[in-house]
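To keep things clear, I will list the structure first and then write my remarks on it.
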Amino acid sequence: MEKEDIRKTVCRFLVDEIELDEDKLEDDARLKEDLGIDSLDFVDIVVICEREFGFKIKPEEMKNVKTLGQFYDYIGEKLG
Amino acid sequence: MSDGGTRWQGQTGGGSFGIRAVSYLVKNFGASFVYFFMAFAIPFYVFSKNGGRRAVFDFYRNRMGFGRWKAFRSLWGCYYCFGKIVVDKFASYGGATGRYELEMDEAASAVQKEIHASGDGAIIISAHVGNLEALGTLFSQHDKECFCTVYGGEHEEILKKRAEALKANHIHLIPVGEDTDYLFEINNALDEGGVILMMADRMTEGARGLWCSLFGKETEIPAGAFALSVKMDVPIYTAFVMRTGHCRYKVFWEKVDLQDADSSDKDRMVARAGVFCGRLEEIVRRYPLQWFNFYDFWK
């Protein structure tokens, strides 16, 4: 899957499921501080990643994922 | 106990010395001895925890609708009952009185069998009433792994004692902190068919909540357990374990069975929370002295 497809899929679920403002979804937006993603939103992200991309997020792998751009890269690596 | 604020502060009262002292006395002199002497310590707790005292009295007066005298007696009864349950817990930790004696009716037994027979994950929710830890006895008799979420900022001594006592019962503790690691642990546990045990009544700072009616007044309870059940599509059960005698408890166990697959996630969460609050109210009306939220729950 190309990075652009990953970006579109992630943006779609962030807007539809977590009701984030699309304009805020910049690559350098920080998940917690800028987008306000809290622990319950992470539940959505874990479930949706499994459903849309077919893999399970591991906590140790998410330690360094702070921004949306890093999250796209993480998904890309997992699918790569 | 909390210090009587409007949000749960996250630590059991008593301090390390108190915890060690109770542990030592129960181990060496038995639970009955400690029950007796504990009666003399109750005034200290009632009078030193001003906010807690007021909140508990107001609960009996305004929410339970008791008269002034009955509310006053219930306030003392509540603190004494809480003390006895703490002693029961330490007796159980030290093995001084063996396991808890649990009583269940047929419906609760059927729920227990259903949970243990199922290969799928499940969430069991409860509240700060009675003694949920006694439920661990039921998990010791089966291979089903149970994961209990606990507040990560709790006294180290309490967490250590709980972890030691519960390990043999197939119960593991998941400390809930500010990072999201605990969510991954919960997710993994549910995927592997484990049971998650969560308290669903106390709001902590920063938690997302759902508004529900409890004892005739709207209050906010944490959304976590209900969100997990809906998002991860796992069944949710309510469990209350109420004290009926020395280390003797009755288990009230029921599934939250709602046919609402077509509703929105938010509506499904609110409906589950409503069922939980209804059952919590019912159990507290039956065992009014076992309400252990020592702060203004409705603020």
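The values are calculated or read from the model by the stated rules, or taken from the named source; none is laboratory data. Note that this is a predicted model, so its numbers are computed, not measured. All Cβ positions, glycine included, derive from the backbone under ideal geometry; neighbour counts span all protein chains shown.
Take the conditions within 11 Å of chain B (Cβ to nearest Cβ) and farther than 17 Å from B:ASN188 by Cα and apply them to A:LEU31. Does it pass? Can you show your working first?
Values: within 11 Å of chain B (Cβ to nearest Cβ): yes; farther than 17 Å from B:ASN188 by Cα: yes.
Yes: the conditions hold for A:LEU31.
Could you look through the range B:47-104, keep only residues that are aromatic (Phe, Trp, Tyr) and modelled with pLDDT under 90, and pick out the one that is surrounded by the fewest Cβ atoms within 10 Å (Cβ to Cβ)? Looking at residues that are aromatic (Phe, Trp, Tyr) and modelled with pLDDT under 90, I get B:PHE47.
Restricting B:VAL275, B:VAL241, B:VAL234, B:VAL230 to those that are within 14 Å of chain A (Cβ to nearest Cβ) and either free of Cβ contacts under 8 Å to residues at least 60 places away in the same chain or buried (at least 23 other Cβ atoms within 10 Å of the Cβ) (or both) reduces the list to B:VAL230. The residue pairs whose first member lies in the range B:179-203 and is away from chain A (no Cβ under 12 Å), whose second member is part of a strand (DSSP E or B) and charged (D, E, K, R), and whose beta carbons are closer than 6 Å, counting only pairs six or more residues apart or on different chains, are B:MET203/B:GLU220. Only residues that are within 20 Å of B:PHE226 (Cβ to Cβ) and more than 7 Å from every other protein chain (Cβ to nearest Cβ) were counted in the range A:34-49, giving 4. Tell me, please, whether a residue that is buried (at least 19 other Cβ atoms within 10 Å of the Cβ), in the same structural domain as B:ALA225 (by TED's automatic domain parsing), in a loop (DSSP other than H, G, I, E, B) and not charged (D, E, K, R) can be found in the range B:252-261. Yes, the range B:252-261 contains a residue that is buried (at least 19 other Cβ atoms within 10 Å of the Cβ), in the same structural domain as B:ALA225 (by TED's automatic domain parsing), in a loop (DSSP other than H, G, I, E, B) and not charged (D, E, K, R). Taking A:GLU22 as the residue in question, decide whether it is within 27 Å of B:LYS266 (Cα to Cα), more than 14 Å from every other protein chain (Cβ to nearest Cβ) and surrounded by fewer than 17 Cβ atoms within 10 Å (Cβ to Cβ). Considered against the rule, which asks whether it is within 27 Å of B:LYS266 (Cα to Cα), more than 14 Å from every other protein chain (Cβ to nearest Cβ) and surrounded by fewer than 17 Cβ atoms within 10 Å (Cβ to Cβ), A:GLU22 comes out as yes.
In the range B:204-216, the residue that is surrounded by the most Cβ atoms within 10 Å (Cβ to Cβ) out of those that are within 11 Å of chain A (Cβ to nearest Cβ) and part of a loop (DSSP other than H, G, I, E, B) is B:ALA207.
Among the residues of the range B:217-227, how many are facing chain A (nearest Cβ under 7 Å) and assigned to a helix (DSSP H, G or I)? Even if it seems obvious, please write down each step before you answer.
From the range B:217-227, those facing chain A (nearest Cβ under 7 Å) are B:223-224, B:227; that's our starting set.
From the residues that got through so far, the ones that are assigned to a helix (DSSP H, G or I) too are B:224, B:227.
The total comes to 2.
Of the residues in the range B:282-290, not one is part of a strand (DSSP E or B), at pLDDT 95 or above and either in contact with a helix residue (DSSP H, G or I) (Cβ under 6 Å, 6 or more places away or on another chain) or under 21 Å from B:ILE115 (Cβ atoms) (or both). When the range A:50-78 is limited to residues that are more than 21 Å from B:ASP179 (Cα to Cα) and surrounded by fewer than 14 Cβ atoms within 10 Å (Cβ to Cβ), the one that is nearest to the other protein chains (Cβ to nearest Cβ) turns out to be A:ARG51.
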